[in-house]
Amino acid sequence: MDSSTVRIILLIIHILFFIYAFSVVFSYIFLSFISAIESSQYLKRNSFVNYNEILSSTVSPSISIIAPAYNESLNIIENVRSLLSSHYVNYDVIIVNDGSKDDSLEKLIKAYDLVNVNYLINYQVPTKPLRAGVFKSTNPAFEKLIVVDKENGGKADALNCGLNISQSKYVACIDVDCLLLEDALQKMIKPFLELTDVKVIASGGVIRIANACEIKEGKLININLPNKFIEIAQILEYLRSFLLGRMAWSRLNGLLVISGAFGMFDKKIAIDVGGYDTNTVGEDMEIIVRMRRRMEEENIKYRVAYIPDPLCWTEAPDNYKILISQRNRWTRGTIEVLKKHRKIGFNPKYKLLGILSYPYWFFYERLAPIIEVIGMLYFAVLIALDNVKWDYAFAFFVSAYLFTIMFTIIAIYSEELTYHQYTKKGTGFKLLLVTLLEPFVLHPFILYAAIKGNIDYYFNKKIKWGEMTRKGLSKTES
Amino acid sequence: MNDYQNILEYFNQLPTLVKVVWVISIALFTLILGLIAYLKILRINLRRNEIKRIKYQEIYEEHLINYLYAGDNIDEISTEQREFINKMKKDISIEFNRNILVAVMTKLVNDISGEVATAIYKLYTETGLIDYSLQKLKARKWEIIASGIYELTQFEVKHVYKEIEKLIKHPHKEVRNQAQLYLVNLFQFKGLKFLNDLEYQLSEWNQIQLLEILQKFDNQEITDITIWLKSTNISVVEFALKLAKVYNQFESKETLLELLRHDNKELKVQTINVLTYFYDTECKTYLKSNFHQSSESEQIAFFKLLENVAENSDEDFVIENISHPNFKIKLAALKILKDINPDKFNYLEIAKNNTDAKRIIEFIEHN
């Protein structure tokens, strides 16, 4: 290759990088606008709703909360109590003890007066066999509780077991350690019941970070901003992701993922598509993509709804080791799902799903960390060759940084103008401070986790879920 | 000055693209500074408004209690009450105060009934709050119209029903919903007249809401629901089916039987469910003869019905279906067989090579 060919190749690479960066910025601006419209309309639409009428109704549809538990002995009693405190009437709670090695089951039996019952299961989705069986309470106060003890098969397998056990029309799949607000079920069920022109197949809720919040008897008493940088930075991340990203995708009916921490499904459709995929660590995203795919293939008008109300609170990693493990898993999950459903990508047959949602996810979620690292390596090479045009580099770096800051501030605005959860004095300042530092402090770890996720996916197939050591929300109880 | 000139010179000699990027950066920087400043103001205002809201809420709650205790006769307004009304008239000219007062009064009327509620309704009229609500009906924005109807519903303003009736066909769903809730809250079954020619679909959510409101009132004169069961609007038929079940409308049975021939499968399932509730046996012959042409959901619903009303004459049909591929039908068929012919159930051969059936039989035997 002569030098002019090399120059042309380099120029093409530069242009591609430029287009990529510009399209990222443009897509974020676009999503922010869409999300602002959707948030405002959501709040207006729901300002007159009387949820009490739905709560007490005998014709309200039945909902099963399915919560898989693996070695959750530390907080299982409190967590179940929180799940049992919903204001909705027609619901039950199915705790699937997924082969825990600790004393979770014994604790549950003792705390909730459980006895082994003869329960006929319709095995519509294959799962690992039961271990000790199905338990129900002899105490009428806990009549809504069903505990299933089965052999370990992973989260997806446990959720599938819950799908088989459930007798309800709708299922809310939730992480057992999440704290669900009392009005969560009626808010999540609303989209299924109110849309008449399309079939709602699933609805997802916002996940909020409960670290440092005051919790008493399974109820959220006081919302506090944590002190650790890593926790506040994740709050900002969640605000961006849930209040800007997912809100906008919901408006476009292009949501590709509903958080595994809290999502509600039309049970029949979830079962018809085969339940959760047990061969992926991204089972929450995978089932949504598969359900959407089925709807598109059968030409059924459908919607994946999204509820921006802060209904579900969870514990976020408070150290970098666990955070990296979590993000590593998210990355592998994304790769697995996109690879499994590559048929829909760029395929006009799948309409918005194929020509917008999938490509967006592919370019801006799947490839983003790789492109970022390639960019960094290329920059390092240019520095080594003393070939950096510093005028350009510095100007672009500053503008990229400022854009990131602005986008996060817009997410904070979105929070303030809608739910205003962090009311205490000084919180705004802390959030802004972390906003300024986050790109330099948290982002490198997120990037590292994503790259490690890619490496693990291709070269270390044995890794599955990774470690998520929980301190437990009840630790913050007053 | 020198620094400024140096920067300017440096900027001027930059390539155009870099110049554009710097201009964007400066714009972003300025925007961020503005946003930060405004965020500070916004948070202060939100906090201040919240404190103010709580304060006014407490004041209004106290005033309202005093107002209610100040009157001896429900038909007359005492001097003390008149003073309160005059004070409120001034207060509610400010939208913030008005909203708080309406919220406090709404909360109160939801918790009370009888004379006290009537006194609150009167206060709503006397203070002029009603005029603000009526004005909202003429607004261009749908959310304002909907909030106007909501307030008129809460304070039971019946005389504006003709204006509200017109809004039943409003292009915005939320306005239509609020109008429906107004009519049913204030006129119960008579308010359901809008169903006669409803063009829009009545969502499941709305159906539940309307049903719940109706159930709050005792001793109602229940309208004949046949016209709704025959509606061309599927959602109206669905709602009528719910009414038939909740209000035990046995007299509509003929129409229900006709609905079994409806084209809509989901509607047929719901009709079978209502007939199940009525322990109806007349539908059996038709449903049996059409069993194989029915959808799986209809078949399941029919077997649920049979669980209630099966007789010995159904035995052959039930036995035919104990190997049905659907688990629920298989379960129902075996349960029914045990009920109508326990001997035959005990000697069933099916369990030998059918795991599901074996499990079901074991389950039925132990329950």
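B:F363: among the aromatic types (F, W, Y), at negative phi and within 14 Å of another protein chain (Cβ to nearest Cβ), yes or no? Answer is yes for this residue. In the set (1) surrounded by 12 or more Cβ atoms within 10 Å (Cβ to Cβ); (2) more than 35 Å from the chain's Cα centre (by Cα); (3) within 24 Å of B:S133 (Cβ to Cβ), the condition left unmet by B:I44 is number (3). Would you mind stating whether B:A357 is under 40 Å from the mean Cα position of the chain (by Cα) and surrounded by 17 or more Cβ atoms within 10 Å (Cβ to Cβ)? Spelling it out, it is not the case that B:A357 is under 40 Å from the mean Cα position of the chain (by Cα) and surrounded by 17 or more Cβ atoms within 10 Å (Cβ to Cβ). Residues that are closer than 21 Å to B:F278 by Cβ and buried (at least 18 other Cβ atoms within 10 Å of the Cβ) were ranked within segment B:319-345; the one that is farthest from the other protein chains (Cβ to nearest Cβ) is B:I336.
Out of curiosity, is B:D314 assigned to a loop (DSSP other than H, G, I, E, B) and more than 23 Å from A:N118 (Cβ to Cβ)? The answer is no for B:D314. Among the residues of segment A:103-116, at least one is among the polar types (S, T, N, Q), more than 15 Å from A:V171 (Cβ to Cβ) and buried (at least 19 other Cβ atoms within 10 Å of the Cβ).
Select from segment A:50-74 the residues that are aliphatic (A, V, I, L, M) and either assigned by TED's automatic domain parsing to the domain that holds A:E182 or not in a helix (DSSP H, G or I) (or both) and list them in ascending order. The answer is A:V59, A:I63, A:I65, A:I66, A:A67, A:A69, A:L74.
In this structure, is A:I19 part of a helix (DSSP H, G or I), within 14 Å of chain B (Cβ to nearest Cβ), closer than 30 Å to B:V175 by Cβ and β-branched (V, I, T)? No: the conditions fail for A:I19. Of the helices (runs of 4 or more DSSP H) lying entirely inside segment A:316-435, those containing at least 3 residues that are of a type outside the set (F, W, Y) span A:320-340, A:368-384, A:390-418.
For B:E50, the test of being within 14 Å of another protein chain (Cβ to nearest Cβ), among the acidic types (D, E) and either over 23 Å from B:G128 (Cα atoms) or under 42 Å from the mean Cα position of the chain (by Cα) (or both) is passed. For first residues located in segment B:110-122 and assigned to a helix (DSSP H, G or I) and among the aromatic types (F, W, Y), partners that are modelled with pLDDT of 85 or more and surrounded by 14 or more Cβ atoms within 10 Å (Cβ to Cβ) and lie 6+ apart or on another chain with Cβ distances below 7 Å form the pairs B:Y121/B:F155; B:Y121/B:E156. Note on segment A:57-77: residues that are at the interface with another protein chain (Cβ under 7 Å from one of its Cβ atoms) and either in contact (Cβ under 8 Å) with a residue 40 or more places away in the chain or among the hydroxyl-bearing types (S, T, Y) (or both) amount to 2. Report yes if some residue within segment A:417-431 is of a type in the set (S, T, Y) and without any contact (Cβ under 8 Å) to a residue 12 or more places away in the chain; otherwise report no. Scanning segment A:417-431 turns up no residue that is of a type in the set (S, T, Y) and without any contact (Cβ under 8 Å) to a residue 12 or more places away in the chain. None of A:S35, A:S39, A:S82 is closer than 28 Å to A:Q186 by Cβ, of a type in the set (S, T, N, Q), assigned to a helix (DSSP H, G or I) and in contact with a Gly (Cβ under 6 Å, 6 or more places away or on another chain) except A:S82. Residues in segment B:191-224 that are away from chain A (no Cβ under 14 Å), in a helix (DSSP H, G or I) and under 15 Å from B:V237 (Cα atoms): 6 in all.
What is the residue count in segment A:65-90 for residues that are out of contact with any helix residue (DSSP H, G or I) (no Cβ under 7 Å at 6 or more places or on another chain) and under 30 Å from B:L214 (Cβ atoms)? The number of residues fulfilling the criteria is 2. Within segment A:268-315, the residues that satisfy the criterion of being of a type in the set (D, E), surrounded by 22 or more Cβ atoms within 10 Å (Cβ to Cβ) and part of a helix (DSSP H, G or I) are A:E283, A:D284, A:E286.
Selection of segment A:34-56 for residues being closer than 30 Å to A:F363 by Cα and in contact (Cβ under 8 Å) with a residue 60 or more places away in the chain yields A:I34, A:S35, A:A36, A:I37, A:E38, A:S39, A:Y42. Could you tell me whether A:A393 is within 30 Å of A:L338 (Cα to Cα) and in the same structural domain as A:R290 (by TED's automatic domain parsing)? No; evaluated as a whole, the condition is false for this residue. Candidates B:N73, B:N66: the one that is more than 11 Å from chain A (Cβ to nearest Cβ) and not in a helix (DSSP H, G or I) is B:N73. May I ask you to say which residue of B:T118, B:T79, B:T125, B:T106 is within 30 Å of A:S40 (Cα to Cα) and of a type outside the set (D, E, K, R)? Exactly one of B:T118, B:T79, B:T125, B:T106 is within 30 Å of A:S40 (Cα to Cα) and of a type outside the set (D, E, K, R), namely B:T106. Every condition in (1) within 14 Å of chain B (Cβ to nearest Cβ); (2) modelled with pLDDT of 95 or more is met by A:G426 except one, and the failing one is (2). Considering the conditions (1) closer than 23 Å to A:E53 by Cα; (2) surrounded by 14 or more Cβ atoms within 10 Å (Cβ to Cβ), B:T226 is excluded by exactly one of them, (1).
What are the residues in segment A:398-414 that are buried (at least 20 other Cβ atoms within 10 Å of the Cβ) and more than 8 Å from chain B (Cβ to nearest Cβ), if any? Result: A:T408, A:A411, A:S414. Residues of segment B:47-67 that are of a type in the set (S, T, N, Q) and either more than 12 Å from A:T423 (Cβ to Cβ) or surrounded by 15 or more Cβ atoms within 10 Å (Cβ to Cβ) (or both): B:Q57, B:N66.
Cβ-Cβ distances below 7 Å connect no pair with a first residue in segment B:22-50 that is on the phi > 0 side of the Ramachandran plot, a second residue that is surrounded by 17 or more Cβ atoms within 10 Å (Cβ to Cβ) and in a helix (DSSP H, G or I), and a separation of six or more residues or different chains. Counting only residues that are in a loop (DSSP other than H, G, I, E, B), closer than 16 Å to B:R359 by Cβ, free of Cβ contacts under 8 Å to residues at least 60 places away in the same chain and in contact with a Gly (Cβ under 8 Å, 6 or more places away or on another chain), segment A:108-139 holds 2 of them. What do you reckon, is B:A119 surrounded by 13 or more Cβ atoms within 10 Å (Cβ to Cβ), away from every other protein chain (no Cβ under 12 Å) and among the aliphatic types (A, V, I, L, M)? It is true that B:A119 is surrounded by 13 or more Cβ atoms within 10 Å (Cβ to Cβ), away from every other protein chain (no Cβ under 12 Å) and among the aliphatic types (A, V, I, L, M). Report yes if some residue within segment A:53-60 is at pLDDT 95 or above and either crowded, with 16+ Cβ neighbours inside 10 Å or aliphatic (A, V, I, L, M) (or both); otherwise report no. Within segment A:53-60, none of the residues are at pLDDT 95 or above and either crowded, with 16+ Cβ neighbours inside 10 Å or aliphatic (A, V, I, L, M) (or both).
The values are calculated or read from the model by the stated rules, or taken from the named source; none is laboratory data. Computed from a predicted model, the values in this text were never measured in an experiment. In this analysis, Cβ positions are derived from the backbone assuming ideal geometry, glycine residues included, and neighbour counts consider all displayed protein chains.
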